[in-house]
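Just so it is clear, none of the values below were taken in a lab; they were calculated from the coordinates. Fair warning: this is a prediction, and the values are worked out from it, not measured in the lab. Cβ sites come from the backbone with ideal geometry, for glycine too, and all protein chains shown count toward neighbours.
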Ligand SMILES: Cc1cc2nc3c(=O)[nH]c(=O)nc-3n(C[C@H](O)[C@H](O)[C@H](O)COP(=O)(O)OP(=O)(O)OC[C@H]3O[C@@H](n4cnc5c(N)ncnc54)[C@H](O)[C@@H]3O)c2cc1C
C-alpha cells in the first residue's frame, strides 16, 4: 500500500463512519472472533489482531493532514481512544502511548525529514512508537535521569547511553523517543533534557529483562540497555528549553487521558448495569437495592465528568497549542479521572461479587489494568500536591490570601467555587505540610472537574446526568475539604516493635 492510498482511505471517511467501522472491527476481533475472557487473561496480542486493528488506521487521528493523516484534531483522537477503551483499556493505552507520547511530540517538535519518514511508516507500514523517560533509580524525579548524550560533530550524530525501564511497548516499538541529559567532556550531566527519535532497526537497544506486569497483559514492559547513535536531525527541536518541551508533552498527554478513561468508565457502567439487572439476590433484582443504586449513580457520574473533560480538552487544546503552562488543568484531569477509573473498576468488582474475582473476568482485569494509571505520567499523590502549589503561587502573585476569593475569579473554578463559599472563605496558610497540600489538591482538582462538568451542562448534554454527577462530585469535594480542615496529623511510629503485640496483653 502506498502513501496515496493511505491518504485516500483516511480522507474519504467522515469521523462518525470512521469510528463506526473501527468500533465494528474491534467488536468482531475482541468479542465475535475471539473469546474476550480468554484474550483478557493472555499476555500479548495475536499478531493478526494487532494488524487488523492498525489497518483501520486509528493512529492517523494523530497525524497532520500535510502528511496524509486525518489532521491531528484533538476531538478525533479522543473519540478514537474512547472507542478503543470501551472495548479494551490496554489497547487504548497502546494507542495513547503511540499518539500522545510519540506522534504528537514528533508533529510539534521534529525536523521535516523525521516527520515525513515517521508518519509515512506509521500510515503505510503500521509502525508503532513509545517513549522512554523512566530509569530504575529515577522515576518521579525523572529530571535527575542518568542517561547521557554527547554530540559527535564529525559523524553528525548524537551518542546516547543509559538504562531505561517500564517503557510501554518494550521490545515491540519500531521507533523510540529517548530522553537524555547532555554530558560534558568529564561526563558531568547538564540540567536540560534532550529528546531523540530512534529507529529500532538501527539497533542499540537491548531488552535485558521482560517484566511480569501485574495487569495490562497486552503490553510488554521491561528493562532496556540503551547505547545508540541518532542522526542530528532526529533530535527534537524545543522552542525554548528541553524541560519546557517535556512539560508540554506530558501536560498534553495528561489532558488527553479522558480519551482513555471515558470509554473505560462507560464500559464499567454498562457492565454494572447489565449485571445488576440480571442478578437476583434475596428474591429481587440487584438493581433495586438502594446501595446498588448509589454505586451505579457514582459510576454514571464518573462517566459524565470524564466526558466533560474530553469536551474541555477538545475545545481548548488543539495540537499546536503549547500546554507547558496548563499545569492545573492537566494535573487535575489526570489525577481525578484516573482515581475514577480505578474506583469504578473496584465498584464493578464489588457489584459482580465472586464471579468478578477471576483472572479472565472484566471486573478483575479492569481493577489491575486501571491501577497503574494512578502511578504513571505523574504519581497522583505528587500531582495533587502540585495542583495546590500552582494555586498558592498564583494567589501569592495576585496578592490574594482568601481561597474562596481566588477560586471564584479563577477561570478553571469560577462556576464551581460558589457552591463552597462557606467552606473556602478563609485565609490560606502558605506553609502547609505536604499532606495538606495533597488534600487541598484533591479538593481543587475536583472543583476544576466540576467546573468542566457545569460547562458540559451548557451544551445540551443529558441534563439529568449532569445534575446527578454534580451532586456526586460536590459530596466528594466536601469530604476532601473536611480532611483538609481536620487538624490531627497522625505520625508514623518508627520503633514500633516492642509493645505492639496484642498477644502479650491477653490475660488468662
Ligand atoms: C504500567 C506502567 C506503564 C508505564 N509506562 C511508562 C512509559 O511508557 N514510559 C516511561 O518512561 N515510563 C513509564 N512508566 C514508569 C512510570 O512513569 C513511573 O513508574 C513513575 O514515574 C513513578 O516512578 P517510580 O516507579 O520509580 O516510583 P517512585 O518515584 O519511587 O515513586 C513511588 C511512589 O512514591 C511516592 N513519592 C515519590 N516521590 C514523592 C514525593 N516527592 N512526595 C511524596 N510522595 C512521593 C508516590 O506515592 C509514588 O507513587 C510506566 C509505569 C507503569 C507501572
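Quick rundown of the values:
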{"read-out": "Likely footprinting exposure, 279, 504, 144, fewest C-beta neighbours within 10 Å first", "value": "504, 144, 279"}
{"read-out": "Centroid-to-centroid separation of region 450-487 and region 357-388 [C-alpha atoms, Å]", "value": "21 Å"}
{"read-out": "Region 302-348-region 181-254 distance, computed between alpha-carbon centres (Å)", "value": "25 Å"}
{"read-out": "Shape parameters for the chain, alpha-carbon atoms, Rg then Dmax in Å", "value": "24.0, 86"}
{"read-out": "Sequence-separation-based contact order of region 99-206, relative, with Cα cut under 8 Å and 6+ spacing, percent", "value": "24 percent"}
{"read-out": "Computed [θ] at 222 nm, helices only, for the chain once each DSSP H run of length n ≥ 4 contributes -39500 (n - 2.57)", "value": "-16000 deg cm²/dmol"}
{"read-out": "Gap separating the Cα centres of region 123-178 and region 40-69, nearest whole Å", "value": "22 Å"}
{"read-out": "Relative packing of peptides 202-214, 72-84 - highest average C-beta neighbours within 10 Å first", "value": "72-84, 202-214"}
{"read-out": "Cα gyration tensor of region 99-249 - equivalent ellipsoid semi-axes, whole Å, descending", "value": "22, 20, 15"}
{"read-out": "Rounded, prolate or oblate (a/c below 1.5 giving rounded, otherwise prolate when a/b exceeds b/c) for region 393-508 by Cα gyration tensor", "value": "oblate"}
{"read-out": "Protection proxy ranking of 116-129, 474-487 - average other beta-carbon atoms within 10 Å, highest first", "value": "116-129, 474-487"}
{"read-out": "Relative packing of peptides 49-57, 324-332 - highest average C-beta neighbours within 10 Å first", "value": "324-332, 49-57"}
